[in-house]
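See structure below.
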Amino acid sequence: MQSYQGSFDYPKLVKQLEGKVFRRTFIKSMVGIYSASMTLKSFEYGAPIASSNIYRKFVYNKFGQVVQKYYFDDNGALEMKEKYSFDNKGKILHSEFIKSNSFLEEKFENNEDGNVHIYQLINPIWKTEGKHNKREVYSFDKQRRKVKKISYGFLGSVELITHYLYEGDSEKYSFRHVTDPDGELILTLLYTYDSKFNQTGLYSFFLTPSAVKDLLNKQKDWKSESLSASNWEYDAKGNAIGFVSDIAEQLFHYKFQNADMGVPRGGRVVTQQSKSEFELINGKYYLVKTTEYWPKFDEPKELKEYTYFDKSGKQIYPPPSK
């Protein structure tokens, strides 16, 4: 078993990458919806708490991308607003995250092929503190695939370098090799896909890509050798109906133990688990419910329920009662 070394906050990186998969799935299923609301309900002893009712509202463009998002607390007060702008081809250009006490911006610059090649995270306070914007610069190969990302920190210096590695022309799996500016290994990430190009797995290793390839080729239980594993389940229609993530037991004992995680079993500890349900609405499947589980108890933790509306504000789902 590989050992955990270094102080790099890899769980945060993995969480960001998991979020990107969820967003892509969400966009795919939201085409044709003008707006939606989401109600979050907490559970107690396996049943939803009636008084717990946190609210979110989403507005979409024709590509199924969120252009506005509103966060409300359980008292109905607005906590945060997000705004996103896109070009006429659905490529993101700009986003804003607005709270009563903070403001963040994201700016995206696209190359001639329409791929984001410069990303900036901007906080006005950083400038007054003498800090730089956080920045990422991407480069691409002749097939327009990402091959490298350079991440710059507050001081304007390089923090991370990420190399994107592909297994020939195959979509079965690919790698991200993350290093420090001196080329020292920080993390290798393995992505796996099904025959429909849905992402089925995200695995992290403190091994070089070539060492991970050796595991894939020589060891049937190579998944158990990963430091973290995120897996998505799809139904026959391609809807993402299940998600589970876990970490190696050594990490649980070393650094990341907390009340939300599961009990060590077979060398792994579940950190997150959810199930989603879809309904056929006007000939298309839409996400209508997601249940998050307490990994330690295998009991419901939070319920997300969606309501959909057309451009006129008419409720599409659930069917309004007559």
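The values are calculated or read from the model by the stated rules, or taken from the named source; none is laboratory data. Keep in mind that what you see is a predicted model, and the values were worked out from it rather than measured. Keep in mind that these areas ignore ligands, DNA and RNA; they rest on the heavy atoms of the full protein, side chains included. Shrake-Rupley method; radii C 1.70, N 1.55, O 1.52, S 1.80 Å.
For the range 257-311, with all protein chains present and a 1.4 Å probe, just round the carbon and sulfur fraction of the accessible area to a whole percent. The partial results should precede the final answer.
On the way: 1370 of 3040 Å².
Of the solvent-accessible surface of the range 257-311, carbon and sulfur hold 45 percent.
Ignoring ligands, DNA and RNA, please state the percent of accessible area on the range 96-178 from carbon and sulfur, probe 1.4 Å.
Values: 2570 of 5170 Å².
Within the range 96-178, the accessible surface is 50 percent carbon and sulfur.
Given the options R135, R24, R268, which has the most mean-square fluctuation in a GNM of the chain, springs set between C-alpha atoms less than 10 angstrom apart?
Highest fluctuation among the options: R24.
How large is ³J(HN,Hα), in whole Hz, for each residue of the range 313-318 in order, when computed from phi with the Karplus curve 6.51 cos²θ - 1.76 cosθ + 1.60 and θ = phi - 60°, using x for Gly and Pro?
x, 6, 6, 9, 8, x
Quick one: which residues, 5 or more positions from N110 or on another chain, have an amide H under 5 Å from its amide H? H modelled 1.01 Å from N in the peptide plane, none for Pro or chain starts.
H117
Considering only C-alpha atoms, what is the centroid distance from the range 119-144 to the range 51-97, in Å?
Each part reduced to its Cα centre gives a spacing of 22 Å.
Compute the convex hull volume of the Cα atoms of the range 86-148, divide it by the residue count, and report the result per residue in Å³ as a whole number.
Values: hull volume 5.9 nm³, N = 63.
Once divided by residue count, the hull of the range 86-148 is 93 Å³.
Excluding residues fewer than 8 places away in the same chain, name every one of the lysines whose C-alpha is closer than 23 Å to that of K296.
Here the lysines satisfying the reach criterion relative to K296 are K12, K15, K41, K223, K255, K275, K304.
Amide H of M80 versus every other amide H placed in the peptide plane: which residues, excluding those fewer than 5 positions away on the same chain, fall under 5 Å?
Y71
Going by amide H atoms built from the backbone, whose H comes under 5 Å of the H on I54, apart from near neighbours?
Correct list: L40.
Under a no-solvent Debye model with one identical scatterer per Cα of the chain, what's log10 I(q)/I(0) at q = 0.11 Å⁻¹?
Listed by q, the Debye log ratios stand at -0.86.
How high is the relative contact order of the chain, in percent, counting Cα pairs under 8 Å that sit 6 or more residues apart? Walk me through the numbers on the way to the answer.
Details: 677 pairs, mean separation 40.5, N = 322.
It comes to 13 percent, rounded to a whole number.
On average, how much accessible surface per residue is there in the range 68-185, in Å², for a 1.4 Å probe, leaving out ligands, DNA and RNA?
On the way: 7350 Å² over 118 residues.
For the range 68-185, the solvent-accessible area averages 62 Å² per residue.
Give a residue-ordered list of calculated ³J(HN,Hα) values for the range 119-132 (Karplus: 6.51 cos²θ - 1.76 cosθ + 1.60, θ = phi - 60°; whole Hz; x for Gly, Pro).
Karplus-based 3J(HN,Hα) across the range 119-132 equals 10, 10, 10, 10, 10, x, 5, 4, 5, 5, 8, x, 9, 8 Hz.
What 222 nm value per residue comes from the helices of the chain, counting each DSSP H run with n ≥ 4 as -39,500 (n - 2.57) and dividing by all residues, nearest 500 deg cm²/dmol? Can you show the working numbers first?
On the way: 3 runs with 36 residues, N = 322.
Using -39500 (n - 2.57) per qualifying helix, the result is -3500 deg cm²/dmol.
Filter K28/K91; K28/K57; K146/K284; K196/K218; K69/K131; K83/K107 down to the pairs with a C-alpha to C-alpha distance above 21 Å, please. Present the calculation step by step, with values, prior to reporting the outcome.
Details: K28/K91 14 Å; K28/K57 18 Å; K146/K284 32 Å; K196/K218 26 Å; K69/K131 29 Å; K83/K107 12 Å.
As for pairs spanning more than 21 Å Cα to Cα, those are K146/K284; K196/K218; K69/K131.
With θ set to phi - 60° and the Karplus curve 6.51 cos²θ - 1.76 cosθ + 1.60, what are the ³J(HN,Hα) couplings of the range 134-151 in order, to the nearest whole Hz, using x for Gly and Pro?
6, 9, 10, 10, 10, 10, 9, 8, 5, 8, 6, 8, 4, 10, 7, 9, 10, 9
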